[in-house]
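The values are calculated or read from the model by the stated rules, or taken from the named source; none is laboratory data. Predicted model only: the values in this text are computed from it and were never measured. Cβ placement follows ideal geometry from the backbone for every residue including glycine, while neighbour counts extend to all protein chains displayed. These area figures cover heavy atoms from the full protein model, side chains too; ligands, DNA and RNA do not enter into them. Shrake-Rupley method; radii C 1.70, N 1.55, O 1.52, S 1.80 Å.
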There are 4 protein chains.
Amino acid sequence: MNSGIRTDLAMEAEALRQADAIPSGVRAVRQRRGSFYITTVEVLNARGEAALGKPVGTYVTLELDAYLRREENAFSEAAELLADELRALLHLNRGELCLVVGLGNRDITPDAIGPETVDCVMVTRHLTSRLPEAFGSFRPVSAVCSGVLGTTGIESSDLVRAIVDRLRPSAVIAVDALASREPQRLCRTVQLSDTGIIPGSGVGNARQALNRETLGVPVVAVGVPTVVDAATLTLDLAASAGADISGVDFGEACAMIVTPREIDKNVRDTAKLIGYALNLALHDGLRVEDVDMFLS
Amino acid sequence: MNSGIRTDLAMEAEALRQADAIPSGVRAVRQRRGSFYITTVEVLNARGEAALGKPVGTYVTLELDAYLRREENAFSEAAELLADELRALLHLNRGELCLVVGLGNRDITPDAIGPETVDCVMVTRHLTSRLPEAFGSFRPVSAVCSGVLGTTGIESSDLVRAIVDRLRPSAVIAVDALASREPQRLCRTVQLSDTGIIPGSGVGNARQALNRETLGVPVVAVGVPTVVDAATLTLDLAASAGADISGVDFGEACAMIVTPREIDKNVRDTAKLIGYALNLALHDGLRVEDVDMFLS
Amino acid sequence: MNSGIRTDLAMEAEALRQADAIPSGVRAVRQRRGSFYITTVEVLNARGEAALGKPVGTYVTLELDAYLRREENAFSEAAELLADELRALLHLNRGELCLVVGLGNRDITPDAIGPETVDCVMVTRHLTSRLPEAFGSFRPVSAVCSGVLGTTGIESSDLVRAIVDRLRPSAVIAVDALASREPQRLCRTVQLSDTGIIPGSGVGNARQALNRETLGVPVVAVGVPTVVDAATLTLDLAASAGADISGVDFGEACAMIVTPREIDKNVRDTAKLIGYALNLALHDGLRVEDVDMFLS
Amino acid sequence: MNSGIRTDLAMEAEALRQADAIPSGVRAVRQRRGSFYITTVEVLNARGEAALGKPVGTYVTLELDAYLRREENAFSEAAELLADELRALLHLNRGELCLVVGLGNRDITPDAIGPETVDCVMVTRHLTSRLPEAFGSFRPVSAVCSGVLGTTGIESSDLVRAIVDRLRPSAVIAVDALASREPQRLCRTVQLSDTGIIPGSGVGNARQALNRETLGVPVVAVGVPTVVDAATLTLDLAASAGADISGVDFGEACAMIVTPREIDKNVRDTAKLIGYALNLALHDGLRVEDVDMFLS
């Protein structure tokens, strides 16, 4: 019945939208933090997995609501909030290496969240080792874009595994675009989870998972919904109209995506926010102004 | 009844889709030319205008069907076909100056058809005047991107008028993105017309018209549909399902657009095709290889 | 004897470098303002013109010394200093329209200062007229990139004149790349002057002047040296070595330019600084944070 | 005596410029092939290494002389010539995997030869394995950009080694920017060699070598000179003037580079030529038109 509906957001799972009660094996709570709402969904066991179709773990979604840019200090507040949530999922000790991976295709705008985030990450691994007197208080951080199979001939997951094998980081943060089912969430929500990620699930086909099992280290996924399948949008609108569209041929609509008109700008802005949040989460005592100066 | 449905393609007008007969005051014919189909819609008089909601004039639509890129020589064939149709609408005499205007916003991918086409136009005005011995056989051609109101503070139409007043070209070709109502037409059709164009009708709000009345010279519009309004898509699909969605709140869907997944690449490819067609139409005896060499 | 030496900076004029005393008809003073040095050269009359090879007027050069980016608040301080100097040259009354023109070629990095500055200018003309209740306190500002003759077929000066004729601004600010003779000045100095500018003098050939005579309104030029002619560098180094290189064939060296290794980043950073300074100069009571928010 | 002179081209070695006879342990020959000249320098043994300052191996330099773009078919002819030379150095058997690595920094124009070449490489590894019926006649090829230490925190050589360890290709082709000592060679010559490469030697500091010893597979280096050190240019010009500039302080000149005015366009064009040559060398029976179609 739900077939055709596609979403990567735990908080959009059908079971959480429709049920009168939260399903067994799942905990979900939405709370306000300053100017923002945060929804935390925990999948506790196999029953929760079955109900939500997501693996056991924690999924945190920050809503960057519409007035984000309008309120003074909204950028800083959102970045620091995201940083707090990231730190809680990462459990990194002082001085441990973190690898940031930007998944997705830089040349396809709605798929460029990962690569554009990497552009805003403070890369410090070479500085902490070579100039310890100046950079000793920073965490060593490396960052790479995995590219996509179509342009490298290498699965993203293979490339990440090769790099993890060589660098042996203590944690991996993987940033990717996601698919959502609700247009109003596009480029306005960020989902964090400690369950890892399957590269390419946002735009294009699923590949092999990047998670603790496959990489041997904790993997925190950071995802931003940038598209709704045209078919998903239509199914949801039809359902709310009570229409029977079982006989409609979606044909070309399936090769189409729904995005905000200003997708280029939205992707750039959201990538910057995530990049800054990563920097604040990874280095102690850093402020937004410090990141400005480091990256400039 | 049609309210909410939005299209810039004459061949998609409701009157041509639904009527058993072509309305009075309109002529429409679809014919095969080599590997491609061309639809010519002529709005002959006020009755035709009322029926189609388009001003009197000729609208030629070339279908760059799916296998465009796959067939050997398809690029050359399509470019030459487009060039033939352009020449028929332009009526330029030898040596007369032509101004090519790229409308739209280069930074918003589906709105970048105009600016990217200008990148592929052979600009020769300064060469024909300064090096007549070498470039005497070329037509003088100038090309500008008008920018958009939001980034220049100047209406596109004002900017074009100012330049036309100074350069006094014999014709203007204005290239812009359009809105379509059928996903399968996106980046696969090119509409030419001798009625001019209203900048920004493809993405964003309508501005003042660019046509023979406002500019004092003939204006040929070249448009490519790159988006479908999310609301338009939904209305059309619902109608084909016989659903009553009059009570549905489209809300966020209205701020959304539907585009092909590969919109970045599609816009680049189509802009190149149009640019080459313009070059072939404007300069006598030119071949695709000559354009390659000139632009490289 | 100096033939072959090329510079667009008044402060680098041979007469100011070599003379024991400042030539008659010229006033020149260098003073510290906060963390920066400012040199003001005034060409007072025909004797000054002859001595310096620059038209009568004021030339203000701000030295953005090496530690610019390292000092806290250096960006704000430099932007505000530049804004002060700009205001002193502009003499605009409240509510008068200003047109900002980015000269040069965006696709040639050392020539992209003008276009990249325009990207950082707050364009408000359409907002002040349409939303006076919200934007009434802003000055109306328009901004265009003139393109270059090779890609538009239109002289920059013709294009600017056409737009000025239509918009009738109270002043024009023209931003362009310059040539310097000292490598250490590249991307580290900004020259303002009230004498206008000759587009393309930085990279490529000189075109017609943009100044009060040709445009009918005051023209303030903002220039940044981004290149040294390879031939100029060599002549200067040879001179300081006392070498006679009169017989050397510079040949290919003449088609070459000397730029900083990090020219891409330097151009981006300097363009941002100038853009912000323009905004502070044009709108009363604005702070750097306000510009951040407006442009984001 | 040569100190300060920097070049990565074997054919520019001082020993080959000055000596009346080619040094012992070296073989060098320059011959015309169609419209182009090819210089082959072979370093045969330790004496040759000492004389040229380059490791034992073969260095082939193709001169893409000035009229390259002007002659009809020059692009195809140059691409095929380069492909022939590449095949002779590669010794790949049918069906063996080749990894193409783009070294350097895409965001610094003269260092972007490697990444831009990768954009023109036909990536086929995933196609040959998944669609053998359609792509069985193609060689499996993967391609990655290594990024640079400053933006990834990972040595290029470490990243390449990690990928080679996982993919186990039969050969690696590494493409990078080089430094030259003669301005007229910039973006007009391509050097191939079977001795591998030290990433970053063109712009910035030398890193660890990529060669058969470090990677365990043959490494063919493809390099294009894009810069001359400002100091090198000056030293050479001064030498030809017989000037003693031993006391001159090069100071800032050392942080500067000399490049062609049109470096952006030149890098793009040369990268395309190399990309096409790689494709012709790696896949049997391919023509330039086939590459056009594959990449479009």
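Taking accessible area as the heavy-atom solvent-accessible surface of the protein chains with a 1.4 Å probe, which residues of region B:158-193 lose no less than 50 Å² upon going from the isolated chain to the full protein assembly?
For region B:158-193, once contacts with the other chains are taken into account, B:Ala162, B:Arg166 lose 50 Å² or more.
What residues does region A:280-296 have that are buried by at least 50 Å² of accessible area in the full protein assembly compared to the chain on its own, 1.4 angstrom probe?
A:Met293, A:Ser296
By how many nm would the segment from D:Glu96 to D:Arg47 lengthen if fully extended, with 0.36 nm per residue of separation less the alpha-carbon distance?
So the chain would gain 14.1 nm between D:Glu96 and D:Arg47.
Over region A:6-119, what is the mean sequence separation of C-alpha contacts under 8 Å (at least six apart), divided by residue count, expressed as relative contact order in percent?
Once normalised by length, the contact order is 15 percent.
Using a 10 Å cut-off on Cβ to Cβ distances, tally the other chain neighbours for every residue of B:99-106 and report the average as a whole number.
Mean partner shielding for this stretch: 1.
Calculate what fraction, in whole %, of the accessible area of the protein assembly as shown sits on carbon and sulfur atoms when a 1.4 Å probe is rolled over the protein chains.
Ligands and nucleic acids excluded, carbon and sulfur give 48 percent.
Name the long-range amide H neighbours of C:Asp65: under 5 Å, sequence gap of 5 or more, or other chain; modelled H, no Pro or chain starts.
Amide H neighbours of C:Asp65: C:Tyr37.
C:Cys145's amide H: which non-local residues (gap 5+, or another chain) put their own amide H closer than 5 Å, with H modeled 1.01 Å from N in plane and none for Pro or chain starts?
The answer is C:Gly102.
Taking θ = phi - 60°, what integer Hz values does the Karplus form 6.51 cos²θ - 1.76 cosθ + 1.60 yield along region B:81-98, in sequence order, with x for Gly and Pro?
Per-residue couplings from phi come out as 4, 4, 4, 4, 5, 4, 4, 5, 8, 7, 6, 8, 8, 3, x, 6, 6, 10 Hz.
Could you rank B:Tyr59, B:Tyr37 by how accessible they are, 1.4 Å probe, largest area first?
Order by accessible area, largest first: B:Tyr37, B:Tyr59.
Just counting partner chain Cβ atoms within 10 Å, what average do the residues of peptide B:226-236 show around their Cβ?
Per residue, the number of nearby Cβ atoms from other chains is 4 on average.
Taking the Cα centre as origin and putting +1 on Lys and Arg beta-carbons and -1 on Asp and Glu beta-carbons, what dipole magnitude results for chain D, to the nearest 20 debye?
600 debye
Peptides C:132-145, A:21-34: what's the order by average Cβ count within 10 Å, highest mean first?
C:132-145, A:21-34
Quick one: if you stick a label point 7 Å off each Cα along the C-beta vector at B:Ala21 and B:Arg33, how many nm between them?
Simple spin-label model gives 2.9 nm for this pair.
Restricting the calculation to Cα positions, tell me the Rg (one decimal) and the Dmax (whole number) of chain D in Å.
19.1, 69
For a bin width of 5 Å, list the pair-distance distribution of region D:58-177 built from all Cα-Cα distances, rounded to whole %.
Spelled out bin by bin, region D:58-177 gives 2, 10, 16, 19, 21, 16, 10, 5, 1, 0 percent.
Let me have the relative contact order for chain C, percent, based on Cα pairs under 8 Å that are six or more residues apart.
21 percent
About the Cα centre, and with charges only on the beta carbon of Lys, Arg (+1) and Asp, Glu (-1), how big is the dipole of region C:109-208? Nearest 20 debye, please.
180 debye
For chains B and C related by rotation, which residue of B has the Cβ nearest the axis, and what is the rounded distance in Å?
Closest Cβ on chain B to the axis mapping it onto C, in Å: B:Ala162, 2.
Which whole-number percent gives the relative contact order of region B:67-143, counting Cα pairs below 8 Å spaced six or more residues apart?
Computed over region B:67-143, the figure is 28 percent.
I'd like the Karplus ³J(HN,Hα) series for region B:101-116: coefficients 6.51, -1.76, 1.60, θ = phi - 60°, whole numbers in Hz, and an x wherever there's a Gly or Pro.
10, x, 8, x, 10, 4, 8, 10, 3, x, 9, 9, 4, x, x, 6
How much accessible area per residue does chain D have, in Å², with a 1.4 Å probe?
39 Å²
To the nearest 20 Debye, how big is the dipole of the protein assembly as shown about its Cα centre, given +1 on the beta carbon of each Lys and Arg and -1 on that of each Asp and Glu?
Rounded to the nearest 20 debye, it is 0 debye.
Springs between alpha-carbon pairs under 10 angstrom, Gaussian network model over chain A: which of A:Ile113, A:Ile163, A:Ile198 fluctuates most?
Maximum fluctuation in the GNM of chain A, among the listed residues, is at A:Ile163.
Please list, ordered by chain and number, the residues whose modelled amide H lies under 5 Å from the amide H of B:Leu210; skip anything fewer than 5 residues away on the same chain.
Under 5 Å from the amide H of B:Leu210: B:Ile197, B:Ile198.
What's the buried accessible area, both sides, between A and B using a 1.4 Å probe, rounded to 100 Å²?
Approximately 2700 Å², summed over both chains.
Set the bar at 28 Å for Cα to Cα. Now go through C:Lys54/D:Lys265; B:Lys272/D:Lys272; B:Lys54/B:Lys265; B:Lys272/C:Lys272 and name every pair that lies beyond it.
C:Lys54/D:Lys265; B:Lys54/B:Lys265; B:Lys272/C:Lys272, as the Cα separations exceed 28 Å there.
Taking Rh as the Kirkwood radius, which is the inverse of the mean 1/r over Cα pairs, what is the Rg/Rh value for region C:120-173?
1.07
Dividing the alpha-carbon Rg of the protein assembly as shown by 2.2 N^0.38 Å yields what?
That ratio works out to 0.95.
When only DSSP loop residues count, what trypsin sites (Lys or Arg not before Pro) in region A:86-174 have their Cβ near at most 16 other Cβ atoms within 10 Å?
Filter output for region A:86-174: A:Arg94.
Along region A:140-151, what does the Karplus equation 6.51 cos²θ - 1.76 cosθ + 1.60 (θ = phi - 60°) give for ³J(HN,Hα), rounded to whole Hz, x for Gly and Pro?
Result, ordered by residue: x, 10, 10, 8, 9, 9, 7, x, 10, 3, x, 10 Hz.
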